[in-house]
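Comments concern the structure below.
The values are calculated or read from the model by the stated rules, or taken from the named source; none is laboratory data. If you're wondering where the values come from, they're calculated on a predicted model, not measured in any experiment. So basically every Cβ, Gly included, is an ideal-geometry build from the backbone, and we count neighbours across all protein chains shown.
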C-alpha cells in the first residue's frame, strides 16, 4: 500500500517536472480514488485546478483538505485565495483571518486579508493587515504598494509619500509606478 502511494506521488511529480499538468492531474485523480483524504493529493489537485482557472473545482478539493486538516494555515490561506478569485470576498476574508489565527507569521495571509479588505472598502482594517504584512516582509514591495494605495484612497497622501520615499531606497521602479499612479512626486529616499 505504501509503495503504491509513493509510486503515484512520484509519477505525479515527474509529470509536473515535465510540465505535463493534465497527466499529473490524472495521477492525482487515481491517488485520491484510492486515498480520498490524502492532504497532499487534495492540495496538489486543487493547485492544478486553480492554475487552469477551474476555481470551483479547486475550492471543492480545498474544502475537503480543510476537513482533513482543519488546523492547517496554508489550507485556509489557499481557500481565501480561491474565494477571492471567485469574488466571494466576505468568505475569503474569514479564511485569511483563520489562516493568520493559526499562523500569525504567515505574511501572505495578511496580504490577502488586506487585499480583500480593500475590495470591501474597509480601508482602516486594510491598513492594519497590510502593516502586519510589511512587518513580516519588509523588503517585499507588494504590501508597501497596496498600503500606499490605501492611504491615497483614505485621502492621507502624507503617509503614501512616506511609503514612496521608503520604496525608493530598495524598489525604485515600484516607487516610480506609485508616483505615476497617484500623482505624488517624492524626492529621493533619505539615508
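Some observations on this one:
- When restricted to residues that are part of a loop (DSSP other than H, G, I, E, B) and surrounded by 12 or more Cβ atoms within 10 Å (Cβ to Cβ), segment 169-185 contains 4.
Yes/no per residue for (1) part of a helix (DSSP H, G or I); (2) farther than 20 Å from residue 125 by Cβ:
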site	(1), (2)
4	yes, yes
27	yes, yes
31	yes, yes
37	no, yes
41	yes, yes
79	yes, no
101	yes, no
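- Subset of segment 6-24 [touching a residue at least 24 places away in the same chain (Cβ under 8 Å), in contact with a helix residue (DSSP H, G or I) (Cβ under 6 Å, 6 or more places away or on another chain) and surrounded by fewer than 18 Cβ atoms within 10 Å (Cβ to Cβ)]: 21
- Residue within segment 35-43 that is modelled with pLDDT of 95 or more, farther than 28 Å from residue 111 by Cβ and surrounded by 13 or more Cβ atoms within 10 Å (Cβ to Cβ) present: yes
- Meets criteria (without any contact (Cβ under 8 Å) to a residue 12 or more places away in the chain and closer than 21 Å to residue 82 by Cβ) for residue 180: no
- Matching residues in segment 141-168 - criterion: being in a loop (DSSP other than H, G, I, E, B) and either closer than 20 Å to residue 99 by Cα or in contact (Cβ under 8 Å) with a residue 60 or more places away in the chain (or both): none
- Residue within segment 57-68 that is over 15 Å from the mean Cα position of the chain (by Cα) and either crowded, with 22+ Cβ neighbours inside 10 Å or not in a helix (DSSP H, G or I) (or both) present: yes
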